[in-house]
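**Q** Quick one: structure below, then a few questions.
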Amino acid sequence: MNATPQHDDEAVARAANSGLVRDFGLLIKSATRLEQRIDSALRRECGISHTMLEVLIRLCRRPGEEVSQRQLADDLTLTSSGTTRLIDRMEEAGLVRRTPSPEDRRVALVEPTTEGRAAFLRAAAVHARVVEEYFVRPLAADDYARLTSALSDIDKALRDEAG
């Protein structure tokens, strides 16, 4: 038999139904659903995952920049082993190549191939279309500007706290 007093059940229900829990849950659900839409469209139309696109974005952002697997892992918040497996799959697909660092041969640098750059351009167009449809278009222009500004403020606060 449950001997928990009723007021404890009410306190638990209030906490579970709080505005902060609801609002944060809405953010996470929306971001997850958007990511799933992007990933599905990329797999269907380009044959790559959203995570692979994130790698290609990072590699194509500054042409000629040397990017190590460790930097990719940090930038994409992946584990070292997860990054290695991802780069293995991308290398097998002809999207990237690894080269040893001239400064430290223990460090593998990753660069996009010609096919990787072409795949990136196709995927970037798909990504933009899905983001426009589900992230931008549902909002009024002023609301979109406020949302992106607020998200930037949140990101900055989290980065400042971590540093």
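The values are calculated or read from the model by the stated rules, or taken from the named source; none is laboratory data. On a predicted model such as this, the values are computed, not experimentally measured, just so you know. So basically every Cβ, Gly included, is an ideal-geometry build from the backbone, and we count neighbours across all protein chains shown.
**Q** Grab the helices (runs of 4 or more DSSP H) fully contained in the range 1-116, keeping just those with 1 or more residues being touching a strand residue (DSSP E or B) at 6+ places or on another chain (Cβ under 8 Å).
**A** Those helices (runs of 4 or more DSSP H) span 50-60, 69-76, 80-92.
**Q** Is it the case that Val110 is β-branched (Val, Ile, Thr) and at pLDDT below 95?
**A** Yes, satisfied.
**Q** Within the range 57-103, restricting attention to residues that are in contact (Cβ under 8 Å) with a residue 24 or more places away in the chain and of a type in the set (Val, Ile, Thr), which residue is surrounded by the most Cβ atoms within 10 Å (Cβ to Cβ)?
**A** Val96
**Q** Tell me, please, whether a residue that is in contact (Cβ under 8 Å) with a residue 40 or more places away in the chain and hydrophobic (A, V, I, L, M, F, W, C) can be found in the range 12-32.
**A** No, every residue in the range 12-32 fails to be in contact (Cβ under 8 Å) with a residue 40 or more places away in the chain and hydrophobic (A, V, I, L, M, F, W, C).
**Q** Out of all the residues in the range 74-91, which are touching a Leu at 6+ places or on another chain (Cβ under 9 Å) and either within 21 Å of Arg159 (Cα to Cα) or among the polar types (S, T, N, Q) (or both)?
**A** Matches in the range 74-91: Leu76, Leu78, Thr83.
**Q** Taking Leu139, is it touching a strand residue (DSSP E or B) at 6+ places or on another chain (Cβ under 6 Å), under 24 Å from Leu53 (Cβ atoms) and not in a helix (DSSP H, G or I)?
**A** When the stated conditions are applied, Leu139 does not pass them.
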